[in-house]
Amino acid sequence: MADSKSEGPNTKPQSSAQTEVANGGVASRADRYDPQAIEQKWSERWAQNPDLYRAEPPTSSRKKYYVLEMLPYPSGALHMGHVRNYAIGDALARYMWMQGHNVLHPMGWDAFGLPAENAAIQNQTPPRQWTLHNIASMKAQMKRLGFAYDWSKELATCLPEYYRWNQWFFLKFFEQGLAYRKKSKVNWCPECATVLANEQVLPNGCCWRHENTPVEQRELEQWFLRTTKYADELLQGLDTLQGWPEKVRTMQRNWIGRSEGTLVDFKLDGAAGPAGDTISVFTTRVDTIYGATSLQLAPEHPLVADLIANDPGLLAKVEDLMAEQRKAKEVGDIGAIEKHGVSTERYALNPFNGEQVPIWVANYVLLDYGTGAIMSVPAHDERDYEFAKKYGLDIRVVILPRRDGDERRETDEPVLPFTEMDSLVMNSGEYSGLPCQEAIVKMSKFAEAQGFGKATVTYRLKDWGISRQRYWGTPIPMIYCPDCGIVPVPEKDLPVLLPEKVQFMPLVIAGVVAGGSPLSRVPEFVNVNCPKCGGPARRETDTMDTFVDSSWYFYRYTDPSLDSKPLDSDTVGYWFPIDQYIGGVEHAILHLIYSRFWTKVMRDMGLVKNSEPADRLFTQGMVIKGGAKMSKSLGNVVSPDDMVARYGADSTRMYTLFASPPDRDLDWQDAGVEGISRFLSRVYRLVTENTPTQNNQPELPVANKRGPAARNLQRELHKTIKRISDDFKGRWHFNTSIAALMELTNLFSGMSSDIADGNVPMEDVAEVKRSLVLMLAPFAPYLTHELWEMLGETADLLRAPWPQYDAALAKEEEVEIAIQVNGKIRSRIVVPADAEEAQVRELALADDKVKAALAGKEVVKVLVVKGRLVNIAVK
RNA sequence: GCCGGGAUGGCGAAACUGGCAGACGCAGCGGACUUAAAAUCCGCAGGACCGAAAGGUCUGUGGGGGUUCAAGUCCCCCUCCCGGCACCA
């Protein structure tokens, strides 16, 4: 994504076409496949007909089909990953058109984001100009590749016609309490004077643009969207998404991280400070609370400051723990660091038995999960056990393995740490003897009744922080008034427009870098009258996370120029849910969870009826080269423009489908494109040669009954139709679809003498040609349009019906059967396809080679698999 | 550590429900066409061995066991590669 360099495509006109055309009389059309000439011709034709791929309105009598590919960030140029993604979607869209569907196949631009600002700083180009220029380049690339989009639905998220609806949604969210403001920690680079995304913090904890500047954690007021309100529904909805890859659903489940447990308040023993006298812990195993021999607080837990306030030595140690944690988090291996801790020399009281429990601070306790404090039960938790061993804390066993039928004996000491849930509680007062599950329920109820706790559910999923201290994003439509407080911009004043004249370089005043978004330095933008009281007020200067843009763009596609509302519910009701969404698995979590969240909010607002955005999701594999992801630093990037210039768009996109199944990684090999190009040349030659009109075979000797050659061709044609149709309906293994077309082509090409001799009816030849062109149409649009026209067809190829499979014609008359003796092939025989088992068995046993192999052996068993093989087991 | 995906010729891969391993393509070799080359067309091609040849024998889907008349495919154990998550209390 963060691809700031690179200008648009630079496709040189590569024409060998002139030479072909120049010497041509009427009859001598180019006899060689010339992709550049063909593709140029059809590009021009398609350009003259902008409504070609336009979806019909909901009144259409056709069945709707919405195929969507993830929209690109306009970095400047498409890469091979895009080509693959869009080639898959385009093949599907074209197939669906040929199936007679009303297809919606839109494209747009995820056009806000930091690279545009970087470009502004580096090249003095305004972000808007840079972005629109890139969009123009990439759109030209897409057109050159021949993708069939309904461009009347195009949108760019950086334009006010789009982002005003982000703002509108934000106001609605705010009204419903789904948008709120709170303090939160952010990555802050003091040199850039802005917040960084986690991905922009280098492994060494420094800024990506200032490699020697450590990133700081700052507390800032941020806007959040309440995704956690939908946590349970987001989780449960995953079960309904049968058309999504299990992998993605698992990742989302883990991300949401639902965990049932109990909150328990421990009271501080002794004097309390400003942070209060209660330490709340979250545990999934409250049944082990009688085994709690310490409390462990996260180093940044608010109470820690109180507890160590009078002890500078302790303070230093706690700061070390914080540093350790922060560093490990930045490097990404928190979980690997060695457990450290320090005792605060203070105590809390276990509310269940009144026991004094020492309070420690430990580096393995995380502030942002649960309550940031845990009860430590060394006997029954691996981490607590490791920690207690290290610091010599008490280890008290309070659950025991359950034994079938047996009386439990107190001497049955389990191996520690012992964590089995199917156990019995002991040494726990009135709860002793209960199964763990039961104890958890009873103890949680008791805690609630006594007012020191309750059963609860926590999530790993956090509310979505959307504030960004950046320019190139959607302004958050809020105003801060000294008298009225936070005041939303009235709906009628939307959109809040991004100002054009902005200084991006951080300001340095008296040696200190000024903070805040570049917007905060635009007085015309900041200074505003309060909508409530009319007095002077300030605008919010943060912008929205770009994931907001991509959370609902696919709804806007249904009517992107609508200016009275974000979408028309009836139109959306017609098109949704998306029938097929296609994109990279790297968006499995963020984008796809946010989109699901947004859909549910919209549904609750009454805007849409569906609860999930997409019925089916397909995640394609990466394009790699030499076993590694393509990257500039490795120098293994293959440019689509180069490939198109050399082999044409058809070959380039078709290769991305042929080289491996679309759900797997694709190892790029230039020579492979050449193979496809050769194949298309063969098709071109075969279809243009021997066209029925050219061949003056008059009466055919085989008018009604086809000879073996003709039957063979007919049979293979229908087998191919079935293979390809099945692939579109099922696994999408286009690599085998294309292989099937190659096989048919090879067979057809090998039959030229049969055709010349009149052994194949001309109508069959014509049917094979037509079918070949039709079945190739989803993969190679330019060539197939050209050939379709050459075959004398005038109707639109995309409206031509897909070839029909006829099982009777695909049926084999004879089949070859392998004969095995003890699993090893000894012979092969040809039998009628419908031969009975007994008959095949006779023939097999009568075969000379088989007899030889059976000589002197005793036949134990003869197994016949119809149409496939015979296996004779001998002793 | 946990959860996915994967390992098949020189290379990308195919074999969808257990049934002839290697379809299709790339690279390679041989031949035709050509003054020559390119392009194109035809043919060969997992490996080892036997044979002048036709043909034959053995072996082979990361490794080891198992189930089965039959295993790339099913079961158990192990190795390596890729992706995701990770002191989640």
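Computed values, structure above
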| quantity | calculated |
| --- | --- |
| Flag for residue A:611 being closer than 21 Å to residue A:78 by Cβ and either in contact with an Asp or Glu (Cβ under 9 Å, 6 or more places away or on another chain) or within 16 Å of RNA strand B (Cβ to nearest atom) (or both) | no |
| Lone qualifier among A:392, A:372 - being modelled with pLDDT of 90 or more and near RNA strand B (Cβ under 7 Å from one of its atoms) | A:372 |
| Lone qualifier among A:595, A:631 - being within 23 Å of the chain's Cα centre (by Cα) and part of a loop (DSSP other than H, G, I, E, B) | A:631 |
| Search result, residues across segment A:730-746 that are modelled with pLDDT of 90 or more and either within 7 Å of RNA strand B (Cβ to nearest atom) or surrounded by fewer than 17 Cβ atoms within 10 Å (Cβ to Cβ) (or both) | A:733, A:735, A:736, A:738, A:739, A:742, A:743, A:746 |
| Segment A:304-316, residues that are free of Cβ contacts under 8 Å to residues at least 40 places away in the same chain and in a helix (DSSP H, G or I) | A:305, A:306, A:312, A:313, A:314, A:315, A:316 |
| Which numbered condition residue A:328 fails, given (1) open to solvent by 20 Å² or more (accessible area, probe 1.4 Å); (2) within 13 Å of RNA strand B (Cβ to nearest atom) | (1) |
| Residue in segment A:259-280 that is part of a helix (DSSP H, G or I) and open to solvent by 30 Å² or more (accessible area, probe 1.4 Å) present | no |
| Evaluation of residue A:408 against (1) more than 10 Å from RNA strand B (Cβ to nearest atom); (2) modelled with pLDDT of 90 or more (one fails), failing number | (2) |
| Number of the exception - residue A:358 against (1) at pLDDT 90 or above; (2) part of a loop (DSSP other than H, G, I, E, B) | (2) |
| Odd one out for residue A:397 among (1) in a loop (DSSP other than H, G, I, E, B); (2) modelled with pLDDT of 90 or more; (3) within 8 Å of RNA strand B (Cβ to nearest atom) | (3) |
| All positions within segment A:557-586 that are aliphatic (A, V, I, L, M), out of contact with any Leu (no Cβ under 8 Å at 6 or more places or on another chain) and not in a loop (DSSP other than H, G, I, E, B) | A:585 |
| Subset of segment A:201-234 [modelled with pLDDT of 85 or more, over 16 Å from residue A:603 (Cβ atoms) and either part of a loop (DSSP other than H, G, I, E, B) or not hydrophobic (A, V, I, L, M, F, W, C) (or both)] | A:221, A:222, A:228 |
| Considering residues of segment A:235-258 that are in a loop (DSSP other than H, G, I, E, B) and not aromatic (Phe, Trp, Tyr) only, the residue nearest to RNA strand B (Cβ to nearest atom) | A:257 |
| Residue check, residue A:111 buried (at least 23 other Cβ atoms within 10 Å of the Cβ), under 21 Å from residue A:681 (Cβ atoms) and modelled with pLDDT of 95 or more | no |
| Counted residues, segment A:118-154 - those being within 30 Å of residue A:491 (Cβ to Cβ) and crowded, with 22+ Cβ neighbours inside 10 Å | 2 |
| Any hit, segment A:767-776, residues being open to solvent by less than 40 Å² (accessible area, probe 1.4 Å), not in a helix (DSSP H, G or I) and not hydrophobic (A, V, I, L, M, F, W, C) | no |
| Residue match in segment A:318-341 (condition: over 40 Å from the mean Cα position of the chain (by Cα) and part of a helix (DSSP H, G or I)) | yes |
| Qualifying residue in segment A:268-276 (condition: free of Cβ contacts under 8 Å to residues at least 40 places away in the same chain, within 15 Å of RNA strand B (Cβ to nearest atom) and out of contact with any Leu (no Cβ under 7 Å at 6 or more places or on another chain)) | no |
| Hey, residue A:179 modelled with pLDDT of 95 or more and out of contact with any Asp or Glu (no Cβ under 8 Å at 6 or more places or on another chain) or not | yes |
| Matching option when the condition is among the hydrophobic types (A, V, I, L, M, F, W, C) and surrounded by fewer than 20 Cβ atoms within 10 Å (Cβ to Cβ), among A:634, A:666 | A:634 |
| Matching residues in segment A:453-496 - criterion: being among the hydrophobic types (A, V, I, L, M, F, W, C) and open to solvent by 30 Å² or more (accessible area, probe 1.4 Å) | A:455, A:457, A:484, A:486 |
| Selection from segment A:644-687 of residues that are more than 21 Å from residue A:94 (Cβ to Cβ) and either more than 8 Å from RNA strand B (Cβ to nearest atom) or among the charged types (D, E, K, R) (or both) | A:645, A:646, A:664, A:665, A:667, A:668, A:670, A:674, A:678, A:682, A:685, A:686 |
| Residue match in segment A:356-369 (condition: within 12 Å of RNA strand B (Cβ to nearest atom), out of contact with any helix residue (DSSP H, G or I) (no Cβ under 9 Å at 6 or more places or on another chain) and aromatic (Phe, Trp, Tyr)) | yes |
| Residue pairs meeting the criteria (Cβ under 8 Å; at least 6 apart or on separate chains; first farther than 16 Å from residue A:85 by Cβ, in segment A:645-664; second open to solvent by 10 Å² or more (accessible area, probe 1.4 Å) and assigned to a loop (DSSP other than H, G, I, E, B)) | A:645/A:11; A:645/A:12; A:645/A:14; A:646/A:14 |
| Odd one out for residue A:871 among (1) within 16 Å of RNA strand B (Cβ to nearest atom); (2) under 28 Å from residue A:706 (Cα atoms); (3) surrounded by 13 or more Cβ atoms within 10 Å (Cβ to Cβ) | (2) |
| Matching residues in segment A:333-355 - criterion: being in contact with a helix residue (DSSP H, G or I) (Cβ under 6 Å, 6 or more places away or on another chain), more than 8 Å from RNA strand B (Cβ to nearest atom) and either open to solvent by 60 Å² or more (accessible area, probe 1.4 Å) or among the basic types (Lys, Arg) (or both) | A:346 |
| Residues located in segment A:637-656, provided they are hydrophobic (A, V, I, L, M, F, W, C), touching a Ser or Thr at 6+ places or on another chain (Cβ under 8 Å) and open to solvent by less than 40 Å² (accessible area, probe 1.4 Å) | A:643, A:644, A:645 |
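Residues are listed down the side, and each one gets a yes or a no for (1) outside any loop (DSSP other than H, G, I, E, B); (2) within 42 Å of the chain's Cα centre (by Cα):
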position: A:414; (1), (2): no, no
position: A:417; (1), (2): no, yes
position: A:427; (1), (2): no, no
position: A:430; (1), (2): yes, no
position: A:438; (1), (2): yes, yes
position: A:442; (1), (2): yes, no
position: A:447; (1), (2): yes, no
position: A:461; (1), (2): no, yes
position: A:471; (1), (2): no, yes
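The values are calculated or read from the model by the stated rules, or taken from the named source; none is laboratory data. Owing to the predicted nature of the structure, the values given are computational and were not obtained by experimental measurement. A quick note on method: Cβ atoms are made from the backbone with ideal geometry, for glycine too, and the neighbour counts reach across all protein chains shown. We work out accessible area using only protein heavy atoms, side chains counted, and drop any ligands, DNA or RNA first. Shrake-Rupley method; radii C 1.70, N 1.55, O 1.52, S 1.80 Å.
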